[in-house]
Structures are given as C-alpha cells and as structure tokens.
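The values are calculated or read from the model by the stated rules, or taken from the named source; none is laboratory data. Keep in mind that what you see is a predicted model, and the values were worked out from it rather than measured. Note: ideal-geometry Cβ built from the backbone for every residue, glycine included; neighbour counts use all protein chains shown.
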Amino acid sequence: MANASQPGSGPGSGRRRPALTIQGPADFAAAFDVSPATVARLDAYAARLRQWQKAVNLVAVSTLDAIWQRHFADSAQLLALAPKAQSWVDLGSGAGFPGLVIAILLAQDAAATTPPADPLEDPPDRAGPRVTLIESDGRKGAFLRAVARELGVAVDILSTRIESGATQSRVAAPDVVTARALAPLDKLLTLAAPFWSPRTVGLFLKGRDAANEVEAALKAWTFQGELIPSSTEAGAHIVRVSTLKPNRKEPRS
C-alpha cells in the first residue's frame, strides 16, 4: 500500500512556500503573474459574488472582505502544481472555488467568447484547456453560468450530482480532479474515482486535519499521496493524489 508523504518526509512535501498575503488585485497580480485582463475578470467575479451572496449562500459571509486571499489565491495556488494539465474537473464547485478561478487563469488574454451553458452544446474538439465544474445546487449552478458568460470564460458546467452515472458518462477522464470543502478525503476519493485514469492527479484543498484524513483514506484506497503546505492559510494543506486504486473493491458511498 502506498503511503502519503508527511510534510518534511517526502520529495517536495516539506518545502515551505512563502505565505502569501493577498489584499486585493495588485497583490494577486504580483503573486501569480497574471495579465491585467485576468485581474479585471477576477474583479468582476468578486463584484458578482457579493451581489449574488445577498440572495444565495455562496460563501461564508465572514470571508467576503477577504475574497482575494481566501478564495482567489487559495484556488490559484493549484495551477502551479499541474502547469501542463489541459483538462480539469472540479467536484462540488459551489461558488467556483477552485474550478472557475482555474478556468479564468487558464484563459488569460484569450479573446472573450460566450461559453456554452452545457458541454453537450460544445464541440468536442474545442481548442485549449478544458475545465468542467460539477455543482448539483441549481442556484449555485446559475451563478456559475452567469459569471462565466459575463467574463467570457469557456467552461463546462454540469448541474447534476457527482455520483450520477449520467454525469460520469458525460465527462472524459481529466488530467486533474480538484475539490475544496466537499467531503473528508476517503469519501472524496470515492466521488472522484469514476473520473480517474492512470494519468489523473487529484489536488484537494484541505485544512489542518489533512494528515489524519489521508491516514483514514488509506484504509480503503491505495494511492501515492503528498501533503503540500498551503500558500494562503497557515496549517492548511493541499493533498496531491495519484495512482488511485481501491484496496479490494470500491467502498460504498
């Protein structure tokens, strides 16, 4: 059984990236080396998030004054961990973290286009990186579509359940699967497994209990794991998962 590396005990797992303090657009642009067009898109995203939050519970109200740090930078740090990935699937996207932020960063200075509301309406040979957001809450899905259309970011949005066979059949195995604040790691791997291929890597944003979650997940799954310290929150980690296989048979959801 493959064991997950603890901070300081595996290649790269102990490297401490400098903690980022992102107070607004200028800090974000400097930290992630993004274009003015990308910063403008994120600024518009923040405005829509605040607007929709009045009617739909998208994020914790306490985080609204720290959107650039708590949500945008927290999501953006994943991109450097899979810089060559061309396909991403974000599970339980909620208000778009991390998936929609990743899509915006990947778009960079691409010309604005009106993205499809459904991947079935999109040509399968669309050029460039592809990001799929899966969010079963219809109100959150509507928010994601509204923001994507306004920003001109081509992203596929499925307002269906992750566990659904119909959902799984519509999504090709990606290079990267992501999730944030969705489920404990053992349950999360059960949700992610149907989207997995030998090349797939999982990048899961986790809090201070990440090591215990990895230990619990290894009782049901075999995988190569790495705990990577978060750049945006002290004590938090990104769990990087590869070569995922059930120990005997896939655990029940």
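Before moving on, here are some points about what is shown:
- Candidates 198, 174, filtered to the one that is in contact (Cβ under 8 Å) with a residue 40 or more places away in the chain and within 30 Å of residue 40 (Cβ to Cβ): 174
- If you go through the stretch 35-72 and pick out every residue that is acidic (Asp, Glu) and within 18 Å of residue 106 (Cα to Cα), you end up with 1.
- Residue count for the stretch 74-110, restricted to those that are closer than 17 Å to residue 43 by Cβ and in a loop (DSSP other than H, G, I, E, B): 5.
- Of the residues making up the stretch 193-214, those that are in a loop (DSSP other than H, G, I, E, B) and surrounded by fewer than 19 Cβ atoms within 10 Å (Cβ to Cβ) are 197, 198, 199, 207, 208, 209.
- Any hit, the stretch 51-60, residues being over 22 Å from residue 207 (Cβ atoms), at pLDDT 95 or above, of a type in the set (A, V, I, L, M, F, W, C) and surrounded by 17 or more Cβ atoms within 10 Å (Cβ to Cβ): yes
- Considered as a group, the residues in the stretch 132-156 that are assigned to a helix (DSSP H, G or I) and among the small types (Gly, Ala, Ser) include one that is surrounded by the most Cβ atoms within 10 Å (Cβ to Cβ), and that residue is 148.
- Scanning the stretch 215-242 for residues that are assigned to a helix (DSSP H, G or I) and more than 26 Å from residue 136 (Cα to Cα) returns 215, 216.
- Looking only at the stretch 84-128, and only at residues there that are within 14 Å of residue 34 (Cα to Cα) and surrounded by fewer than 18 Cβ atoms within 10 Å (Cβ to Cβ), the one that is modelled with the highest pLDDT: 108
- Residue in the stretch 66-81 that is modelled with pLDDT of 95 or more, in contact with a His (Cβ under 7 Å, 6 or more places away or on another chain), within 20 Å of residue 235 (Cβ to Cβ) and crowded, with 18+ Cβ neighbours inside 10 Å present: no
- The stretch 65-86 residues that are of a type in the set (A, V, I, L, M, F, W, C), paired with ones that are crowded, with 19+ Cβ neighbours inside 10 Å and in a loop (DSSP other than H, G, I, E, B) (beta carbon under 6 Å, 6 or more apart): 68/22; 73/20; 73/22; 73/232; 78/98
- Residues being exposed (fewer than 15 other Cβ atoms within 10 Å of the Cβ), under 17 Å from the mean Cα position of the chain (by Cα) and not in a loop (DSSP other than H, G, I, E, B) - total across the stretch 157-192: 0
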